[in-house]
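The values are calculated or read from the model by the stated rules, or taken from the named source; none is laboratory data. Please read all numbers here as calculations on a predicted model, not as lab measurements. We place every Cβ from the backbone using ideal geometry, glycine too, and count neighbours over all the protein chains shown.
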Amino acid sequence: MNDPLFPLDARTLVVVAFTSSILMAAVLWFVFAGRFRDGLARWTQSLWVQALAWLLIALLGEIPDVVSVAAANGLLALGWSLQFAAVLEFQRRRVPSVLVWAPAVIVFVLFFLLIDDARLRLIVGGPLYGAFCTLIAGAAFTHRPTYGFRAYGLFASGYLVAATVLFLRSVGAWVEPQEYAAALAPHSHQGLLYFVACALVVSSSLAYLLMHRERADEETRRLATTDPLTDLFNRRTFIELAERELARSRRDSTSLSLMILDLDHFKQVNDTYGHLVGDDVLVAFTGLIRDRARRGDLVVRYGGEEFCVLLPATSLPAAVALAERIRASTAVTALTAHPIKITVSVGVTAYAGAPGVTLETLLARADEALYRAKHEGRNRVVALPLAETGAAQQRPLPLEHVG
């Protein structure tokens, strides 16, 4: 039966798939040569391998079947294994070599054993290659990041369509054996399969590149908004988000607290043990703050060893209580493997509905409270309400004087 749905000759479509694979591989090689990373090398290799496989399939009947059938299918399996490995490498996951080579060897042996039964090859090959496609789609889609969907959706859907067509061809070879005498026999399912194969070469490669682009854009955005060492928001982002929170507090008539934390004598840590140890301390201190802050609190590395925590819907006493928990935990927690005693001073203030309060007012008041904590001996929490212009509200804490 020569169904007019896909009237193109199957061998012609295989040649188109070969040409598409060559062109995509050449483009990737030209654009990324010397800069292959995160699976791009594997992906480019898969296109070269599959191009060779399509060429051998196009020569079916012109060259020995052991080459055009067994070797070609082994290469197709190797190409899909390389694409699966490329997805894992893109996700920065380890790829055992056996995942790349074992499927190709198994498929070569299987098709070599079935070399004299074209119909059985189609029946077996459909679910086998469909499983390959489903596995690749699942690896990409189930580990997709939260920042993007389009590229991953396009990538996965292409492979799932191919898996569906492969399954349909397998069913067709089972129920209509006379119509599937060979892999290139004229039939609508055959034409559809090779049409999808051509489309998959292009769509999957473009989607894979789009996945890289989306991640690069997200990393650029993250670098612009966060501190690269601690992964906290940076000062610029803090100013933007804090202005919004303050406006919300004004609108909803809710309190808003701000604390500034500064590690005591941190310069001595860097001078004595080096900046790498200092970085370890900053990262560990970041984790300590995050463990005690609430989900909606805004934790920021304000600069150097100075951090800010903005506490929406939080009164001054509640903010002081949290600051004290952070201070007490810091004093007894080993933030590095070296025998260093790390303490922190904290200045706290709060917005409670007073008119004319700006973010600069809050920062200046919290900074004044921090200065007093440092001046009065460090390793302590000092709170200054915005309404007060003189002495600080300080909790009577039995603190060790650390100079």
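What the table below lists for this structure:
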quantity	calculated
Search result, residues across the stretch 261-280 that are of a type in the set (D, E, K, R), over 24 Å from GLU376 (Cβ atoms) and in contact (Cβ under 8 Å) with a residue 12 or more places away in the chain	ASP279, ASP280
Conditions (1) surrounded by fewer than 20 Cβ atoms within 10 Å (Cβ to Cβ); (2) modelled with pLDDT of 95 or more; (3) not polar (S, T, N, Q); number of the one not met by HIS265	(2)
Residue match in the stretch 42-59 (condition: within 22 Å of the chain's Cα centre (by Cα), closer than 20 Å to ALA216 by Cα and not β-branched (Val, Ile, Thr))	yes
Options GLU324, GLU305: the member that is surrounded by 15 or more Cβ atoms within 10 Å (Cβ to Cβ), of a type in the set (D, E, K, R) and modelled with pLDDT of 95 or more	GLU324
So ARG144, is it surrounded by fewer than 22 Cβ atoms within 10 Å (Cβ to Cβ), modelled with pLDDT of 70 or more, closer than 20 Å to GLU218 by Cα and in contact with a Phe, Trp or Tyr (Cβ under 6 Å, 6 or more places away or on another chain)	yes
Subset of the stretch 19-48 that is buried (at least 22 other Cβ atoms within 10 Å of the Cβ) and of a type in the set (A, V, I, L, M, F, W, C) - its residue that is modelled with the lowest pLDDT	MET24
Hits in the stretch 281-304 - residues which are within 15 Å of LYS341 (Cα to Cα), without any contact (Cβ under 8 Å) to a residue 60 or more places away in the chain and in contact with a Phe, Trp or Tyr (Cβ under 9 Å, 6 or more places away or on another chain)	LEU282, PHE285
Considering residues of the stretch 246-261 that are in contact with a Leu (Cβ under 9 Å, 6 or more places away or on another chain) and either buried (at least 22 other Cβ atoms within 10 Å of the Cβ) or of a type in the set (Val, Ile, Thr) (or both) only, the residue farthest from GLY347 (Cα to Cα)	LEU256
Filter result for ALA199 (of a type in the set (Gly, Ala, Ser), part of a helix (DSSP H, G or I) and touching a residue at least 12 places away in the same chain (Cβ under 8 Å))	yes
Criterion (closer than 18 Å to LEU232 by Cα and not acidic (Asp, Glu)) met by exactly one of GLY347, GLY303, GLY353	GLY303
Residue in the stretch 84-125 that is farthest from VAL202 (Cα to Cα), counting only those that are part of a loop (DSSP other than H, G, I, E, B) and in contact with a Leu (Cβ under 8 Å, 6 or more places away or on another chain)	LEU114
Residue match in the stretch 276-290 (condition: surrounded by fewer than 16 Cβ atoms within 10 Å (Cβ to Cβ) and in contact with a helix residue (DSSP H, G or I) (Cβ under 6 Å, 6 or more places away or on another chain))	no
Answer from SER81, SER68 - the residue that is among the hydroxyl-bearing types (Ser, Thr, Tyr), surrounded by 15 or more Cβ atoms within 10 Å (Cβ to Cβ), in a helix (DSSP H, G or I) and in contact with a Leu (Cβ under 6 Å, 6 or more places away or on another chain)	SER68
Test set (1) within 28 Å of ARG37 (Cα to Cα); (2) touching a Ser or Thr at 6+ places or on another chain (Cβ under 8 Å); (3) surrounded by fewer than 20 Cβ atoms within 10 Å (Cβ to Cβ) - PRO96 fails condition number	(2)
Sole exception among (1) modelled with pLDDT under 95; (2) in the same structural domain as ARG380 (by TED's automatic domain parsing); (3) surrounded by 14 or more Cβ atoms within 10 Å (Cβ to Cβ) for THR230, by number	(2)
Complete set of residues in the stretch 215-225 that are under 16 Å from the mean Cα position of the chain (by Cα) and either among the small types (Gly, Ala, Ser) or within 14 Å of TYR302 (Cβ to Cβ) (or both)	ALA216
